[in-house]
1. Could you give the length gained by full extension between residue 283 and residue 4, i.e. 0.36 nm per residue of separation minus their alpha carbon distance, to one decimal place?
2. Please give the contour-minus-distance gain from residue 205 to residue 64: 0.36 nm per residue of separation, less the Cα-Cα distance, rounded to one decimal in nm.
3. Run the dipole for region 218-301 about the Cα centre, Lys and Arg Cβ at +1, Asp and Glu Cβ at -1, nothing else charged, and hand back the magnitude in debye, nearest 20.
4. What does the charge count near residue 201 come to, summing +1 for each Lys or Arg and -1 for each Asp or Glu among other residues with Cβ under 14 Å from its Cβ?
5. Along the Cα-to-C-beta direction of residue 260, a point sits 7 Å from the Cα; which residues of region 194-238 have their amide N less than 15 Å from that point?
6. Efficiency by 1/(1 + (r/R0)^6): what FRET value for residue 91 and residue 314, r their Cβ-Cβ distance, R0 = 51 Å, to the nearest 0.05?
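Every number here is computed from the coordinates shown, using simple stated rules; none is lab data. Just so we're clear, the structure is a prediction, and the values are computed from it rather than from any experiment. Ideal geometry is used to build each Cβ from the backbone, glycine not excepted, and the neighbour counts take in all protein chains shown.
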Amino acid sequence: MESKEYRYVQTTFLEHPIYTFAMRVGDLLGLQYVASRGVSSEQGAVQRILNKGRVDSISRFVLAGNTFVNTFILNWTDTQYLPKVRKESMTIPLQGRFAQMLDGQHRIAGLLEAVNQKPEVADMEVLVSLFVGLNTKEAARIFLNINSEQKPVPRSLIYDLFGEAYDDPESAITRVTDIISFLNETEESPYYGRVHYPGKPNSQNLIDLAIMVNAMKPAFEKNGTFNQLQLTEIETQRKILLNFYTAIKNKYEDVWDKPKENLFLRAAGFSGAFDFLTGILLQHCQTDRKFSVAHMESLMKLDTQPLIKPDDVKSLGGRMARAHVTDYFRENYQADLPEDNDSYEF
């Protein structure tokens, strides 16, 4: 049986020895397997079912020339063919599914897709951390330590940290979906728990994810409004969106929880308001160096006109309805402008 020798660094994790070393992607693919909780009954089965969208995203990431600095964590389960551990190196048999994947199942599935499209990816090296002979209880404890308290970094922040290392046409979508996730998961957000994701039951009380993505994406592209105004940090962008829609909700508090009366749970309302934000309000707030809810409310002057409701746009087509909402905000914003040029000083 084919085997290879690896120089390793040994540490201890939760009282179990763990060996870390570099390994070819092709060798790792042939060696590992995934034992999913609730599907496999074997010892050490702790993994979740794969998310296909995440796997595809990882494959594109690898095909763009990237790799992973974090390790793939394995549990060697085969008892007939064991690694031969010496003082500074170990010999590992490679021809068989010998090791369960404890952490990295989506990354390894993405690598497999990438290898199928570009075989030379198999020659890349990745880091592997190997346990030997963990039972299910031990594997579960390690899995929980890896996953339970670690809050995932927004995927789009990875693009920021890479800087301009590569040009990914989907990075704007990634940033937008991160921000929408923030709005959906933050309790003080007007859209807390109100985003409808694919595969979830629909409701009048939810706004579809695709509506929000389609409205926001152009403003987050390389030449979009946020980059033009140098408002590029995700925390800044999150806060701006949170404060803007909070300012709207404050005016619409009485109808916000009534789907039939809340236009901002519909495409025209959400998109038209966002167009006003990126077309007018952002630049004014940046000039004033103020993006607070109170400052946005003072600029928007929503008290100058009656509330805009779904009935106000029901006879209009999609684009016209969206433009009508934008005009509503613009008229409020311009409510105190002089009616003639005699009021200006030249």
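1. Extending this stretch completely gives an extra 94.4 nm.
2. Length difference between fully extended and current span is 46.8 nm.
3. Here the size comes out at about 40 debye.
4. For residues surrounding residue 201, the net value is +1.
5. Of the residues in region 194-238, 204-205 have backbone N under 15 Å from the label point off residue 260.
6. Values: r = 73 Å, r/R0 = 1.42.
Computed FRET efficiency for residue 91 and residue 314: 0.10.
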